[in-house]
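Take a look at the structure set out below.
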Amino acid sequence: MGRLFGTDGVRGIAGQDMTCELAMDLGRAAATVLTYGRRRRPLVVLGKDTRISSDMLGAALAAGLCSVGADVIDLGVVPTPAVAYLVMKYKADAGVMISASHNPYPFNGIKIFGGEGFKLPDELEDQIERLIGQGRWRLATGDALGQITHCATAVRDYVEHLKSTIPTSLDGLRIAVDCANGSASATAPALFAELGADAVIFSAAPDGVNINENCGSTHLKALQDYVRAHGEVQAGVAFDGDADRCLFVDANGSVVDGDFIMAVCGLDMLQRGKLRRATIVGTVLTNLGFAKFCEAHGIRFAATKVGDRYVLEEMELEGYTLGGEQSGHVIFRDFATTGDGQLTALQLLCLLKRCQKPLAELAAVMTRLPQVMENVQVSPEGKLEFYNSDAIKAAIREKKDLLGDEGRVLVRVSGTEPLIRVMVEGQNEAQIRRIAADLALLIKEELG
């Protein structure tokens with residue numbers, strides 16, 4: 001059996017991998033581990049996205065928490081970063097989010113935050129996993145059982161926090177906002193309206209099964225088409241299902257991804273003395289063009305493993321203030337303990353208003369090198385066999401040698417889906433497309 005926790009919590013198909021029994025056990029184990037040695041009654045905040053399975057899994061998890069004596073504050077539908085913020089504001093011991101982020105609706109997951117708003121380190125996740133395997137926890141009885149209360153102010157408290165992160169309104173900006181039929185549907189319309197933006201809201205009518213369906217940060221075409229067709233729109237912004245990431249499109253409909261967002265905001269922070277130690281943290285997937293941008297502007301670039309948790313760990317270790325991923329997870333450490341799509345959107349939109357320049361002009365500070373991504377569907381067993389395949393290892397070495405210093409090849413196992421991800425980067429787009437296709441075909445033949 002593989003590790004239960006991936007790079008972003010526990011995730012799988014609801015009712016198949018993500019069962020009520022697993023959710024209940026996760027609640028029991030998490031409450032036991034995170035409150036060990038504490039005398040007061042544990043308190044956990046619980047949020048969810050808009051998937052049809054989120055109510056089911058949330059109820060099971062809350063029952064597990066209550067069964068070991070933890071009280072639960074049910075936040076309702078909120079973004080993942082709202083849980084990270086509210087766990088601190090409400091002085092809770094832990095926070096839990098029911099979400100599978102950008103995945104299609106059949107998937108769901110459980111993300112756990114400690115009392116200081118940070119995702120759990122590997123060591124604590126391992127303790128929770130071991131405890132689930134042993135089934136050893138003390139069940140409460142009588143008046144020691146936990147209770148559930150429903151919080152009516154969670155969305156309002158979070159929206160007010162987001163508004164406090166920028167010094168001005170967004171009056172005069174006309175934008176298009178894609179909520180992915182997910183958690184942002186509960187917060188973004190009020191947020192942008194109250195800040196004065198003229199915002200056209202898309203995909204904010206969740207029905208349980210339409211989250212991320214041809215919308216949001218993983219499906220930008222509708223947003224791009226709208227922005228191109230309406231010349232008065234200065235930018236479009238798209239969130240993923242739990243709104244912890246965002247991507248932009250400029251007035252021409254061109255994508256402004258996480259690398260560009262970090263370049264634009266990082267340069268501005270450097271010029272204002274807000275970029276601590278003149279460093280931005282990214283990952284091994286960050287485009288080589290970003291590294292060249294950093295070098296040209298005297299900024300140090302630090303790369304970590306893929307996953308915003310690893311970006312944050314590096315930021316905390318060295319005291320950096322900006323980091324993130326190409327996918328749109330961007331961490332502004334002065335304001336948040338995790339990636340926050342709406343906070344990121346506000347920071348860039350505020351800069352856009354202050355500079356009075358088109359987004360395309362701001363994004364021109366960085367030149368993106370051609371990069372090709374291929375996702376290969378494999379079985380769970382195939383994911384494990386990937387590390388033992390000599391044929392795949394040899395092919396990767398061959399392609400790396402072919403590119404030399406002019407590019408790179410990165411092949412990795414997804415931490416959240418049954419996929420092997422192939423990334424090839426280089427100067428010649430036709431060449432890297434061939435390389436990516438060849439590797440994807442070989443992986444499918446070997447592991448599919």
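The values are calculated or read from the model by the stated rules, or taken from the named source; none is laboratory data. Since this is a predicted model, take the numbers as computed values, not measurements. Cβ coordinates were reconstructed from backbone atoms using ideal geometry, including for glycine residues, and neighbour counts include every protein chain displayed. Accessible surface is based on the protein model in full, side chains and every heavy atom, while ligands, DNA and RNA are left aside. Shrake-Rupley method; radii C 1.70, N 1.55, O 1.52, S 1.80 Å.
Which residues, counting only those in the stretch 14-69, are open to solvent by 40 Å² or more (accessible area, probe 1.4 Å), touching a residue at least 60 places away in the same chain (Cβ under 8 Å) and assigned to a loop (DSSP other than H, G, I, E, B)?
Arg41, Ile52, listed by residue number.
Enumerate the pairs (first residue in the stretch 241-263 and touching a residue at least 40 places away in the same chain (Cβ under 8 Å); second residue anywhere and surrounded by 24 or more Cβ atoms within 10 Å (Cβ to Cβ) and basic (Lys, Arg)) with beta-carbon separation below 8 Å, excluding pairs fewer than 6 apart on the same chain, so at least 6 apart or on different chains.
The qualifying pairs are Gly241/Arg51; Gly258/Arg245.
Would you please name the residue that is surrounded by the fewest Cβ atoms within 10 Å (Cβ to Cβ), looking only at residues in the stretch 92-118 that are touching a Gly at 6+ places or on another chain (Cβ under 8 Å) and charged (D, E, K, R)?
Asp93
Here's a check for you: in the stretch 140-164, which residue that is acidic (Asp, Glu) and without any contact (Cβ under 8 Å) to a residue 24 or more places away in the chain is most open to solvent (accessible area, probe 1.4 Å)?
Initial filter on the stretch 140-164 (acidic (Asp, Glu)): 143, 157, 160.
Restricting the remaining residues to those that are without any contact (Cβ under 8 Å) to a residue 24 or more places away in the chain gives 143, 160.
Working: Asp143: 146, Glu160: 82 Å².
That would be Asp143.
Would a scan of the stretch 238-258 turn up a residue that is assigned to a helix (DSSP H, G or I), out of contact with any strand residue (DSSP E or B) (no Cβ under 8 Å at 6 or more places or on another chain) and buried (at least 18 other Cβ atoms within 10 Å of the Cβ)?
Residues of the stretch 238-258 assigned to a helix (DSSP H, G or I): 258.
Retained after the next criterion (residues that are out of contact with any strand residue (DSSP E or B) (no Cβ under 8 Å at 6 or more places or on another chain)): none.
Scanning the stretch 238-258 turns up no residue that is assigned to a helix (DSSP H, G or I), out of contact with any strand residue (DSSP E or B) (no Cβ under 8 Å at 6 or more places or on another chain) and buried (at least 18 other Cβ atoms within 10 Å of the Cβ).
Which one of these does Ile432 not meet: (1) aliphatic (A, V, I, L, M); (2) buried (at least 19 other Cβ atoms within 10 Å of the Cβ); (3) under 21 Å from Thr7 (Cβ atoms)?
So Ile432 meets the others, but not (3).
Within the stretch 272-317, work out how many residues are of a type in the set (Gly, Ala, Ser), in contact with a Gly (Cβ under 9 Å, 6 or more places away or on another chain) and not in a loop (DSSP other than H, G, I, E, B). Write out each step before concluding.
Within the stretch 272-317, the first condition is being of a type in the set (Gly, Ala, Ser), and the residues that meet it are 273, 278, 282, 289, 291, 296, 298, 302-303, 307.
Adding the requirement that they be in contact with a Gly (Cβ under 9 Å, 6 or more places away or on another chain) leaves 278, 282, 291, 302-303, 307.
Subset that is not in a loop (DSSP other than H, G, I, E, B): 278, 282, 291, 302-303.
So the answer is 5.
For Lys91, are the conditions met, namely being within 30 Å of Glu160 (Cα to Cα) and at pLDDT below 95? Spell out the reasoning first.
Numbers: within 30 Å of Glu160 (Cα to Cα): yes; at pLDDT below 95: no.
It is false that Lys91 is within 30 Å of Glu160 (Cα to Cα) and at pLDDT below 95.
For the stretch 369-439, which strands (runs of 3 or more DSSP E) that fit wholly inside it have 2 or more residues that are more than 27 Å from Phe293 (Cβ to Cβ) and hydrophobic (A, V, I, L, M, F, W, C)? Show your work before the answer.
Working: elements: 371-377, 407-413, 419-426.
Of the strands (runs of 3 or more DSSP E) lying wholly inside the stretch 369-439, those with at least 2 residues that are more than 27 Å from Phe293 (Cβ to Cβ) and hydrophobic (A, V, I, L, M, F, W, C) span 419-426.
Are any residues in the stretch 361-385 closer than 16 Å to Leu439 by Cα and open to solvent by 20 Å² or more (accessible area, probe 1.4 Å), and if so, which ones?
Initially, the stretch 361-385 is screened for residues closer than 16 Å to Leu439 by Cα, giving 371-378, 382-383, 385.
Once the filter is applied, which keeps residues that are closer than 16 Å to Leu439 by Cα and open to solvent by 20 Å² or more (accessible area, probe 1.4 Å), the stretch 361-385 yields Gln371, Met373, Glu374, Asn375, Gln377, Lys383, Glu385.
If Gly407 meets every condition in (1) within 25 Å of the chain's Cα centre (by Cα); (2) surrounded by 13 or more Cβ atoms within 10 Å (Cβ to Cβ); (3) of a type in the set (Gly, Ala, Ser) apart from one, which number is that one?
Every condition holds for Gly407 apart from (1).
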